[in-house]
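Everything below concerns the one structure shown next.
The values are calculated or read from the model by the stated rules, or taken from the named source; none is laboratory data. Source: prediction; values computed, not measured. We place every Cβ from the backbone using ideal geometry, glycine too, and count neighbours over all the protein chains shown.
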Amino acid sequence: MTNQQLKLRSMIVTALFAAIIGVLAQITIPLPQVPITGQTLAIGLAATILGSRYGTLSVLLYLIIGSTGVPVFAELSGGISKLVGPTGGFLVGFVPAAFIIGFYMEKTSFTFKNAMIANTIGMIITLAFGTTWLKISADLTWTMALAGGFTPFLVVGLIKAALASWIGIIIRKRLVSAKLLFSTHPNIKQESL
């Protein structure tokens, strides 16, 4: 396969994962300040399967599409106002979370244990960004911001981290063995569960 074909395949997979994030974002459990969504599960899947570069690019593409007004954010919403509103910190936090998840996996190995560690770190990064922005944008105290943007999401976040790790490693392993996904980093270890 030529470099041009690999680049095209990578761009297609990146766009596909941006779409998957948009679809899973519509799975919501409404809460007063910030809803529980499938977005974080999709972010974990993208980074676990694609790694730091293409996982992060898929998140950036998703955010660009949503900020232009296409209703891909939670509850079929879109627009730049979502990025600066109370939930904007969570959306922006997806970018460093995806990068760190993928980077951690690339520096260690693609195993469930490492994926779980990486996805847990990614969840904490997303919650930290989201809680900080919720405090600032809604003019809340730290106690109120933590109660509305961090604490209610810990248990669900760990469940989603486990799901993203388990499903992501299985899918990545199958895509690599089918030669549909190739390592973009020479030191990435492809290990089984």
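Residue count for region 1-57 under the criterion of being modelled with pLDDT under 85 and surrounded by 22 or more Cβ atoms within 10 Å (Cβ to Cβ): the result is 0. All conditions but one from (1) of a type in the set (Ser, Thr, Tyr); (2) under 17 Å from Ala164 (Cα atoms); (3) out of contact with any Lys or Arg (no Cβ under 9 Å at 6 or more places or on another chain) apply to Thr48; the one that does not is (3). Cβ separations smaller than 9 Å between residues 6+ apart or across chains give the following pairs from region 58-76 residues that are polar (S, T, N, Q) to residues that are part of a loop (DSSP other than H, G, I, E, B): Ser67/Gly78; Ser67/Gly79; Thr68/Gly78; Thr68/Gly79.
Output the number of residues of region 71-107 satisfying the condition of being within 20 Å of Lys160 (Cβ to Cβ) and assigned to a strand (DSSP E or B). Here the count works out to 1. Taking the numbered list (1) part of a helix (DSSP H, G or I); (2) in contact (Cβ under 8 Å) with a residue 24 or more places away in the chain; (3) within 28 Å of Val70 (Cα to Cα); (4) out of contact with any strand residue (DSSP E or B) (no Cβ under 7 Å at 6 or more places or on another chain) in turn, Phe153 passes all entries but (4). Has region 45-54 got any residue that is over 22 Å from Val156 (Cβ atoms), small (Gly, Ala, Ser) and in contact with a Gly (Cβ under 7 Å, 6 or more places away or on another chain)? Yes; the residues of region 45-54 include at least one that is over 22 Å from Val156 (Cβ atoms), small (Gly, Ala, Ser) and in contact with a Gly (Cβ under 7 Å, 6 or more places away or on another chain).
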